[in-house]
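One structure below.
Values in this text are rule-based calculations from the coordinates and carry no lab data. Keep in mind that this is a model prediction, so the values were computed, not measured. Quick reminder, even Gly has a Cβ in these numbers, built from the backbone with ideal geometry, and neighbours come from all protein chains shown.
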Amino acid sequence: MNTPHTSKTIRVTVPVSPEVLERFKRLSKVAGQSVGRAMGEWLEETQTGLDPMIEILEQHKKAPLKAIQTLQNYSSTLSDLTGDLFEKVKKMDQDDEHLASAASVARRTEIALKRGLTPPSSNTGGKGRKTANKSMRGSK
């Protein structure tokens, strides 16, 4: 019988600070899994970030100045991406404010339409009338 190859999980001992352990305890509680599994899954999901770091360290051993330049470029790119992200979030917040303002105007317009299109006499600058207007039938 041919069964697909599955990689065997290997247990390792990893020294961490109490703060790191506490964070992973919180993560494991929320995720409903053990601390070891939470750490393992997090490491599995973030392993692609290791490749650039490994390359930078390998370059550093060969050419330290070039490695520093690479790190600076990498840092600058991350800074630019982070700045762009913050600008997008800021714009989203402003858009939310505009939407809230538009919703407020829409509510006031709806209320005004329910009351009728003619404003009350007190809003026209006059004192208003004590009696209703008589129909102008027959008069020119």
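The simple Förster model, with R0 at 41 Å and r as the Cβ-Cβ distance, assigns THR48 and GLU97 a FRET efficiency of 0.65. Phi angles of the stretch 62-73 translate, via the Karplus equation with coefficients 6.51, -1.76, 1.60 and θ = phi - 60°, into HN-Hα couplings of 7, 9, x, 5, 5, 5, 4, 4, 4, 4, 5, 5 Hz per residue; Gly and Pro are given as x. Taking 7 Å steps out from each Cα toward its Cβ at GLU41 and THR70 produces label points 3.3 nm apart.
For a label point 7 Å from the Cα of LYS25 along Cα→C-beta, name the residues of the stretch 33-59 whose backbone N is under 13 Å from it. Taking a point 7 Å out along Cα→Cβ of LYS25, the residues of the stretch 33-59 whose backbone N falls under 13 Å are 35-36. Between VAL89 and LYS61, residue separation times 0.36 nm minus the direct Cα-Cα distance comes to 6.1 nm.
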